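Read the structure below first, then the notes.
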Amino acid sequence: MIGELFRSKNGKNDELNSSIQRLDAQYARISMEFEKLKNLERKIDKLESKLKEFRNMMESRPAVLPTNVRSSKTKAAVKIILQKHGEMTSNQLAKIIKLSRTRCNEYLKEMQSEGQLVSRLDSRKKLYRIRQ
């Protein structure tokens, strides 16, 4: 391509011809890299549109996700313990179940919002019991 413009007709100038060949090879590599960048840009655009679709889908979904097996087993354990002991704080329950107090609070609040538990305040402690 570039070489065809500058090649000598009788091929006597070898240095010029080798320089032209190197330039042609570099031009070909640059062209290939440019095409790769174009393809990469298309892929990025596709990913951005998929990400936007995913965000829209997540925003349209309800905030409550279905419970999994582990959480249902933990909730069952909380019920059994509360049936046996009556009222307990989240800290007491967390020690028995071997969960963090924060995670235990999450389960208790979830169960309370589902209507399975009721709570009452006793000075600064919140006691939970099974709804009857």
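Values in this text are rule-based calculations from the coordinates and carry no lab data. Source: prediction; values computed, not measured. Heads up, the Cβs are rebuilt from the backbone with ideal geometry, glycines too, and the neighbour counts pull from every protein chain shown.
How many percent of all Cα-Cα pairs in region 69-130 sit more than 20 Å apart? The calculated P(r) of region 69-130 puts 12 percent of pairs beyond 20 Å. Measuring r between the beta carbons of Q132 and F54 and using R0 = 35 Å, the FRET efficiency lands at 0.20.
In this label model, R120 and A28 are separated by 8.7 nm, measuring between points 7 Å along each Cα→Cβ vector. Each Cα pair under 8 Å and six or more residues apart adds its separation to the average, and for region 32-132 the resulting relative contact order is 22 percent.
Evaluating 6.51 cos²θ - 1.76 cosθ + 1.60 at θ = phi - 60° for every residue in region 121-128, the Karplus couplings come out as 8, 10, 6, 9, 9, 9, 9, 10 Hz, glycine and proline recorded as x. Label reach from K84 (point 7 Å along Cα→C-beta): in region 99-132, amide nitrogens under 15 Å belong to 99.
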